[in-house]
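Here's the structure, in structure tokens; my notes come after.
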Amino acid sequence: MKRRNGCAALPPLLLLLLLALCGCSGSRADYVGRQVGLDLPRTESVTYQDSHGGFHGDGLLLVELAFAPEDAPSVEDGILRRGDLWNEGPFDDYLGGILYEGGPAGEGGWPRGNDDCYWYFRDRQQDERPLNRRGSWNYTAALYDAQSGTLYYLEFDT
């Protein structure tokens, strides 16, 4: 009687599992779009940097998405349709101070913004105190520069 080796089926099963997992992951642009309420077109270039890790998952995620000149207007159109989430112009003085004065946007090399920009901010922390009076921060911010067709995105967790 011939004995069958049960391990022979293992490589094909592992290959199928790997293919299934690869198909589940979206692009970085898709992730950013979901977080800021936008359906983003294809990107011309993506810059990505993530320092999250450790026990509590603290860190900084910085993503820069550059869109082709023919695709950039659709980003701005999406932002204008989502006026409930996005604001026109550069960050206000309060948020600008937190983000740029020693904050993650300044460290990430974000532009200050201009009149042709839109910004998004979501405080993900339960603390009711003002941002500048907290011992830790958990927030998401984005800046879209319509002149350059570039979307800057960050998640900051401390």
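Would any residue of region 105-143 have its amide N under 13 Å from a label point 7 Å out along Cα→Cβ of Gln49? List them or say none. Residues 105-111 fall inside that zone. Listed by Cβ neighbour count within 10 Å, with the fewest neighbours leading, Thr158, Thr43 appear as Thr158, Thr43.
Descending by average beta-carbon neighbour count within 10 Å, the peptides 131-138, 64-71 line up as 64-71, 131-138, the highest first. With a cut-off of 15 Å on the backbone N, the residues of region 64-93 near the modelled label site 7 Å out from Arg42 along Cα-Cβ are 66-72.
Using 0.36 nm times the number of residues separating Glu107 and His56, minus their current alpha carbon distance, what extension gain do you get?
16.2 nm
Each label point was placed 7 Å from the Cα along the Cα-to-Cβ direction; for Gln126 and Ser148 their separation is 3.8 nm. When restricted to Cα atoms, region 27-157 yields an Rg and a Dmax of 14.3, 43 Å, respectively.
Could you tell me which residue out of Tyr120, Leu61, Thr43 lies farthest along the dipole of region 27-157 toward its positive end? Charges go on the beta carbon: Lys and Arg +1, Asp and Glu -1, centred on the Cα centre. With unit charges placed on the Cβ atoms, the residue in question is Leu61.
Note down the relative contact order for region 27-157 as a percent, whole number, built from C-alpha pairs under 8 angstrom at least six residues apart. Write out the running numbers ahead of the final one.
Values: 226 pairs, mean separation 35.1, N = 131.
RCO, region 27-157: 27 percent.
Each value in this text was obtained by applying a stated rule to the coordinates, not by laboratory testing. Quantities reported herein were computed from a predicted structural model and do not represent experimental measurements. All Cβ positions, even for glycine, are placed from backbone atoms using ideal geometry, and neighbour counts span all protein chains on display.
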